[in-house]
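The values are calculated or read from the model by the stated rules, or taken from the named source; none is laboratory data. No experiment lies behind these values; they were computed from the predicted model shown. Please note: Cβ atoms are built from the backbone with ideal geometry, for glycine as well, and neighbour counts cover all protein chains shown. The area values use the complete protein model at the heavy-atom level, side chains included, leaving out ligands, DNA and RNA. Shrake-Rupley method; radii C 1.70, N 1.55, O 1.52, S 1.80 Å.
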Amino acid sequence: MPALATLPLPRRPSDSRRRGRLLLFLIVLVAVSAAAALAYLSFPSAALTPPPAASSTVRADADCCRGIQGLELWGPAVKWGSNHRLPSAAACCASCKAMCPHAEDGACRCNSWVFCGDERRCKDRLGECWLKKQKDVMAPAVIARGEDVMWTSGLVFGKGEGIFGLETNLGTLHIQLLPGCAPRSVDYFIDLLGLHSCAGCRFYRAEGRGNVWDAEGNHEKNAAFGPPYALLQGTLEVDGVPFNGIAREAYPAVKRGSIAWVGSGPEFLISLANHDEWKDTYTVFGHVLPEDMAIAEEMALLPASTDVWSNVTVKVLRDPVYFKVKRSSHASFV
């Protein structure tokens with residue numbers, strides 16, 4: 001099988017290329033050029049070998065227990081840290097998760113945790129693990145944030161929680177966020193939902209599975225790994241709101257339905273196939289609920305133009321699909 005090509009480092013178009021979008025004709029010009037450039041910079045050539053064994057790859061949020069350093073969440077305590085000391089933030093997170101089984105009613109006794117792990121600053125509070133219950137886990141109470149805050153905090157979602165929707169003219173893609181794997185990404189979406197606007201958010205690239213992957217997203221034996229690359233690509237940057245790059249987080253395997261940042265964002269992708277060849281490449285921060293994948297597949301059938309960029313063939317949508325970001329819940333979440 002042909003050799004695996006190294007994935008190029010993705011780069012965003014310069015901000016100066018975006019500032020001219022006040023006029024309609026410049027909006028069109030920048031959208032097309034940005035889509036083409038991002039397509040070239042973000043994905044590999046067609047010649048790929050099978051990936052190495054993925055036994056060490058994080059596969060689900062259950063395998064992750066991360067929080068945000070320099071963040072102190074408030075809220076009623078269900079277990080006091082002064083009487084509950086643990087050796088690490090991951091252990092504190094796991095302690096909270098143990099109180100949040102995927103019960104049918106989605107009720108969690110703990111949905112947030114706060115840990116003190118900085119020996120110099122925590123002093124006699126070192127190891128304190130506070131387990132708390134937020135009134136609204138998608139709008140948690142924050143008492144302090146910044147480099148001078150000695151606490152590390154995280155969220156835990158119960159059944160049907162932590163879901164938002166990408167509302168398009170084709171239907172709504174419901175996304176389950178992964179707070180244990182990508183807490184900073186989840187933090188961004190909490191802020192984004194608070195804006196009640198996602199002007200400029202859109203999909204601009206769409207490629208189906210072709211003859212490379214089957215309907216379940218499995219790679220066909222002896223087939224190349226693209227093109228097409230079985231993905232949707234777009235941006236989650238709000239017009240007029242500066243985007244601060246998301247630091248590297250956990251890299252679960254990119255499976256069918258995974259949603260991940262391209263680089264540090266705001267460009268992102270939704271995978272239509274199991275891309276084990278992209279192991280340890282993209283921060284996966286959520287997944288599309290299975291019943292909504294038909295909408296993603298429909299988007300991949302929309303009219304698109306074929307472009308070739310440095311020997312990489314891509315499909316750019318003739319008409320970008322704009323979407324709104326809305327909070328949601330979903331009874332069938334598993």
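Rank by packing, highest mean first: peptides 143-149, 87-93, with packing defined as the count of other Cβ atoms within 10 Å averaged across residues.
87-93, 143-149
What translational diffusion coefficient, in µm²/s and rounded to a whole number, does the Stokes-Einstein relation yield for the range 60-214 at 20 °C and a viscosity of 1.002 mPa s, taking the hydrodynamic radius as the Kirkwood radius over Cα pairs?
127 µm²/s
Kirkwood hydrodynamic radius, the range 64-127, all distinct C-alpha pairs: what's the number in Å?
In the range 64-127 this quantity evaluates to 12.6 Å.
Bins of 5 Å, beginning at zero and ending with the bin holding the largest distance: percent of Cα pairs per bin for the range 176-291, please.
2, 12, 21, 24, 19, 12, 7, 3, 1, 0
Residue-wise, which Karplus ³J(HN,Hα) couplings in Hz belong to the range 165-172, taking 6.51 cos²θ - 1.76 cosθ + 1.60, θ = phi - 60°, and x for glycine or proline?
x, 9, 8, 10, 6, 9, x, 9
Under a 5 Å amide H to amide H cut-off, with H placed in plane at 1.01 Å, what residues pair with W213 once short-range neighbours are removed?
The list, which skips near neighbours in sequence, is E220.
Can you tell me how much longer the chain between R109 and D148 gets when fully stretched, taken as 0.36 nm per residue apart minus their C-alpha distance, in nm with one decimal?
Result: 11.1 nm gained on full extension.
So what J values fall out for the range 173-190 if you push phi through Karplus, 6.51 cos²θ - 1.76 cosθ + 1.60 with θ = phi - 60°, rounded to Hz, Gly and Pro as x?
8, 8, 10, 8, 7, 10, x, x, 8, 9, x, 6, 5, 4, 4, 5, 5, 4
Which value in nm describes the separation of the simple spin-label points at E297 and L195, placed 7 Å from the Cα toward the beta carbon?
3.2 nm
Enumerate by residue number the trypsin sites (Lys or Arg not before Pro) in the range 237-275 meeting two conditions: DSSP loop (anything except H, G, I, E, B), and at most 14 other Cβ atoms within 10 Å of the site's Cβ.
R248
Give me the percent of the accessible area of the range 109-215 that comes from carbon and sulfur atoms, probe 1.4 Å, all protein chains in place.
Carbon and sulfur atoms account for 48 percent of the accessible area of the range 109-215.
Step through the residues of the range 126-138 one at a time and calculate ³J(HN,Hα) from phi using the Karplus curve (6.51 cos²θ - 1.76 cosθ + 1.60, θ = phi - 60°), rounding each to whole Hz and writing x for Gly and Pro.
4, x, 4, 10, 9, 9, 10, 10, 6, 5, 9, 5, 8
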